[in-house]
Amino acid sequence: MSLEQTKQALVGEWVSLAPEIRPSATKNPDGGLRPFYLTRNFKYLGNDRFELTIVNTADPYGKAPVARIYLRGHMLWKGDHPIATGAQKVDFVADEDYQVTPLAQPFADLLDRLAGAGYPKWEVNRPQKVFGKAFAPFGLAEGRNFMEYDLVYLDRGMLFWGARNIDGRGFDKEENRPTNLQIPLVPKVAGR
């Protein structure tokens with residue numbers, strides 16, 4: 001697909017097939033990687049704009065939600081990605097909104113300890129904007145937009161992004177851009 005064909009096919013809402021697992025940047029006490037479970041809901045709004053909602057869970061089946069993260073911003077298309085013909089390098093920039101909602105009391109308590117300064121008390125099911133603010137738990141610096149160096153690849157009606165680096169490194173610089181594909185998102189079907 002050409003870039004324009006990719007953008008046209010991308011318009012709409014895409015969701016996780018099932019809960020996904022990723023390596024966390026946080027290590028277990030034994031030094032091993034800590035798993036990170038999530039589901040994604042992505043909307044490509046056209047005009048290089050997106051919305052992304054991520055729900056993190058404490059379990060691999062997605063039954064114990066911990067936090068909801070909402071981002072809205074722009075996609076910067078950077079050219080072909082060598083992973084597959086038609087894949088594109090894309091930088092996702094949350095330059096319009098970034099919110100965090102605790103979905104479990106222990107996570108709200110943790111945020112009060114780690115990110116209480118400059119925020120009202122963290123409460124379950126109450127979103128707070130972290131957009132443009134310092135937010136240590138996610139490594140956000142005041143005045144800087146969150147951005148990831150990622151990829152987009154559409155194939156067989158599925159949307160692929162990059163798989164996380166096995167050592168838990170984020171996509172925070174060009175040299176960390178993914179080189180493998182993540183479990184795909186599929187078009188959202190009404191009632192699902």
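At 1.4 Å probe size, put S24, S2 in order of accessible surface, largest to smallest.
Reading off the accessible areas and sorting them downward yields S2, S24.
Which one of T26, T101, T179 has the biggest mean-square fluctuation once the chain is modelled by GNM with Cα springs under 10 Å?
Its mean-square fluctuation being the largest, the pick is T26.
Rounded, prolate or oblate for the stretch 52-101? Axes are the square roots of the Cα gyration tensor eigenvalues, ordered a ≥ b ≥ c, and the cut-off for rounded is a/c under 1.5.
oblate
May I ask you to compute the full-extension gain from R49 to L110, defined as 0.36 nm times their residue separation minus their alpha-carbon distance, rounded to one decimal in nm?
Between R49 and L110, full extension yields 18.8 nm more.
Ignoring everything except DSSP H segments at least 4 long, calculate the 222 nm mean residue ellipticity for the chain; use -39,500 (n - 2.57) per segment, divide by total residues, nearest 500.
Computed ellipticity for the chain at 222 nm equals -3000 deg cm²/dmol.
Restricting to lysine pairs 8 or more places apart or on different chains, what number in the chain have Cα atoms under 23 Å apart?
17
In whole percent, what relative contact order does the chain give with Cα contacts below 8 Å and a gap of six or more residues?
It rounds to 19 percent for the chain.
Collect residues whose amide H, placed 1.01 Å from N in the peptide plane, falls under 5 Å from the amide H of Q182; neighbours closer than 5 in sequence don't count.
Here the answer is W161, G162, A163, since their amide H atoms fall under 5 Å of that of Q182.
Considering only protein heavy atoms, what is the solvent-accessible area of E175 at a probe of 1.4 Å, reported in Å² to the nearest 10?
Near enough 130 Å² of accessible area.
Tell me the accessible surface of T85 in square angstrom (1.4 angstrom probe, heavy atoms of protein chains only), to the nearest ten.
About 130 Å², rounded to the nearest 10.
Enter the angle in degrees (range 0 to 90, nearest 10) between the Cα long axis of helix 105-115 and the first principal axis of the Cα atoms of the chain, meaning the one along which they spread out most.
Computed tilt is about 90 degrees.
Excluding ligands and nucleic acids, what accessible area in Å² is computed for R126 using a 1.4 Å probe, to the nearest 10?
80 Å²
Kirkwood hydrodynamic radius for the stretch 82-169: how many Å is it when counted over pairs of different Cα atoms?
15.3 Å
Can you work out the Karplus-derived ³J(HN,Hα) for every residue in the stretch 35-40? Use 6.51 cos²θ - 1.76 cosθ + 1.60 with θ = phi - 60°, whole Hz, and x for glycine or proline.
x, 10, 9, 7, 10, 10
Using label points projected 7 Å from each Cα along Cα→Cβ, tell me how many nm separate Y61 and D167, to one decimal.
The answer from the label model is 3.5 nm.
Could you estimate the translational diffusion coefficient of the stretch 1-67 from the Stokes-Einstein equation, with Rh from the Kirkwood formula over C-alpha pairs, at 25 °C and 0.890 mPa s, in whole µm²/s?
In µm²/s, the coefficient rounds to 177.
Would you indicate which of [x] 27, 18, 17; [y] 45, 20, 14; [z] 29, 20, 14 is the value of semi-axes √(5λ) of the Cα gyration tensor in Å derived from the coordinates of this structure?
[x]
Could you please report the charge total around E96, scoring K, R as +1 and D, E as -1 over all other residues with beta-carbon less than 13 angstrom from its beta-carbon?
Neighbour charge sum, excluding E96 itself: 0.
The values are calculated or read from the model by the stated rules, or taken from the named source; none is laboratory data. This structure is a prediction, so every number in the text was calculated from the model and none was measured. A quick note on method: Cβ atoms are made from the backbone with ideal geometry, for glycine too, and the neighbour counts reach across all protein chains shown. Please note that ligands, DNA and RNA were not included when accessible areas were found on the heavy atoms of the full protein model with its side chains. Shrake-Rupley method; radii C 1.70, N 1.55, O 1.52, S 1.80 Å.
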